[in-house]
Structure formats: C-alpha cells, structure tokens
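Okay, structure first, notes after.
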C-alpha cells in the first residue's frame, strides 16, 4: 500500500512553468520537511519518492511495509507538516493508494533519486561547474549517467535535451 501526502503551494497553476515551484530558501525548508517525514516513518517505509505537479503541488509517495499502519503513518505525517507552519504551503492532505504500477525497477530508481535529492551531503563532478544548471545539481549528473549507460554520446545527449524541450514546449 502507498500513502500520498499532497502539498499545495501558494503559487498560480501552470501547465508549463516559467518559474520554479518554490524559491530556493523555500525549497530547502520543504526538502527539510520531507526529510523529517521520511525519518519519522523510516521504520515503516519500504520505498518513497516525490514529484512536483502543475497544480501547483508536490506529492510524497511512501510505500509502507504493513498495510494496517498506512493510515496512522499518513495522519502522523500530515500532523507533523501542519505543526511546521510553512507559509508557502496552503494545504496538506493524504490519501491511501494501491496504484503504483510502475514496476519494481522504476520504483527502486525513484526511491534512489529521492535519497539523492534530499541528501544534504551531495558532491558534484568537476565538469558540472561549467554548466549553468545550479538548480539541477546532482539530477543533471544522474541524467547524464543514465544516458551514458545506454551509450549516448555528448552530441546525442544534447539532441535528447532539444527533443525533450520541444516535446514539453519549454522555452
């Protein structure tokens, strides 16, 4: 069973954002909150990941080891979030779900991405400093390595980004 904790931000709705969901200081506070939720529930969580959605909100999905503890985990998590009183969050809720049908490999990968994204001790390869991807940090390196594993060269990686930007209509 999965728990989805939903966070709605005080930001306008947009399908393709031209700005970030959160300002940098808000992002740090929000990631700190996600870390607290995960640490508080670490004994019950099998896997977790979080994704930002256009509404604008973010959801933290946590797979629990025992279904009967899911509701308790959701209620404690929401209570912790409300206690934090972060002004940029306008709403918090949770729901129970059995719909994570993405496959174990993919969910394990998202779980690992979550660990990296919330890590406070990220180290970056020297070549990453040459690019203006400060907001992506380790994520850019992960994308590079994933493309590298399927034998993409740097020119093919550049082509991938161009196609992605066209597909998602990014300017």
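What the table below lists for this structure:
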{"quantity": "Residue among 25, 21 that alone is modelled with pLDDT of 85 or more, in the same structural domain as residue 93 (by TED's automatic domain parsing) and either assigned to a helix (DSSP H, G or I) or surrounded by 14 or more Cβ atoms within 10 Å (Cβ to Cβ) (or both)", "calculated": "25"}
{"quantity": "Residue among 51, 69, 80 that alone is touching a helix residue (DSSP H, G or I) at 6+ places or on another chain (Cβ under 7 Å) and either surrounded by 13 or more Cβ atoms within 10 Å (Cβ to Cβ) or not in a helix (DSSP H, G or I) (or both)", "calculated": "80"}
{"quantity": "Residue that is surrounded by the most Cβ atoms within 10 Å (Cβ to Cβ) [pool: residues in the range 30-48 that are more than 22 Å from residue 10 (Cα to Cα) and touching a residue at least 12 places away in the same chain (Cβ under 8 Å)]", "calculated": "48"}
{"quantity": "Subset of the range 146-155 (residues that are assigned to a helix (DSSP H, G or I), loosely packed, with under 13 Cβ neighbours inside 10 Å and modelled with pLDDT of 75 or more)", "calculated": "146, 154, 155"}
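The values are calculated or read from the model by the stated rules, or taken from the named source; none is laboratory data. Every value quoted in this text rests on a predicted model; they were computed, and no experiment measured them. Positions of Cβ are backbone-derived with ideal geometry, glycine not excepted, and every protein chain shown enters the neighbour counts.
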